[in-house]
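The values are calculated or read from the model by the stated rules, or taken from the named source; none is laboratory data. Bear in mind that the values here come from a model prediction, so they are computed numbers and not experimental data. Cβ atoms come from the backbone with ideal geometry, glycine included; neighbour counts cover every protein chain shown. When the accessible area is computed, the model is the full protein with side chains, heavy atoms only, and any ligands, DNA or RNA have been set aside. Shrake-Rupley method; radii C 1.70, N 1.55, O 1.52, S 1.80 Å.
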Amino acid sequence: MQIRVKFFAILRERAGTSMVTKELPDGTTVAELWQELQKDYARLNVAGIRLLYAVNQNYVSLDHALKDQDEVVFIPPVSGG
């Protein structure tokens, strides 16, 4: 199955891109996708980072199973003041 992944903020900077397409086995979870992305983009492997995950504009948990043509967004912590 083919999945579109979008990166924002610090994740975009670390990956060096705002979007990638991944070919994955059916039933891959968000957690498994994140592990694959960390292999492809070593700079995404940030100890202790707390992310939110959205699939097709709906927040999901790490165990959410992906489907062909899903769009996944990894949302990093936001700071400011």
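Remark on residue 60: its backbone amide H falls under 5 Å from those of 53, 54, 55, a criterion applied only to residues 5 or more positions apart or on other chains, H modelled at 1.01 Å from N. Heavy atoms of the protein chains alone define the surface here; on that basis the chain has 63 Å² accessible area per residue at 1.4 Å probe size. The angle between the Cα long axis of helix 30-40 and the longest principal axis of the Cα atoms of the chain comes to about 70 degrees, rounded to the nearest 10. How many nm separate the modelled label positions at residue 20 and residue 47, each set 7 Å beyond the Cα in the direction of the Cβ? Label at residue 20, label at residue 47, 2.3 nm between them.
For the chain, dividing the convex hull volume of the Cα atoms by the residue count gives 93 Å³ per residue.
Helix-only arithmetic for the chain: the sum of -39500 (n - 2.57) across DSSP H runs with n ≥ 4, divided by the residue total, places the mean residue ellipticity at 222 nm at -6500 deg cm²/dmol. Surface composition of the chain: carbon and sulfur atoms hold 48% of the protein heavy-atom accessible area at a 1.4 Å probe. Which loop trypsin sites (Lys or Arg not before Pro) in the stretch 1-57, with loop taken from DSSP, have no more than 14 other Cβ atoms within 10 angstrom of their Cβ? Here the sparse-neighbourhood loop sites are 50. Rounded to whole numbers, the Karplus 3J(HN,Hα) couplings from phi for the stretch 10-26 are 4, 5, 5, 4, 5, 7, x, 7, 9, 8, 9, 10, 10, 9, 9, x, 3 Hz, using 6.51 cos²θ - 1.76 cosθ + 1.60 with θ = phi - 60°, and x at Gly and Pro. Its relative contact order, with pairs defined as Cα atoms under 8 Å and 6+ residues apart, puts the chain at 41 percent. Along the chain, the longest continuous region that contains none of the chymotrypsin sites (Phe, Trp or Tyr not before Pro) in a DSSP loop with at most 16 other C-beta atoms within 10 Å is 42-81.
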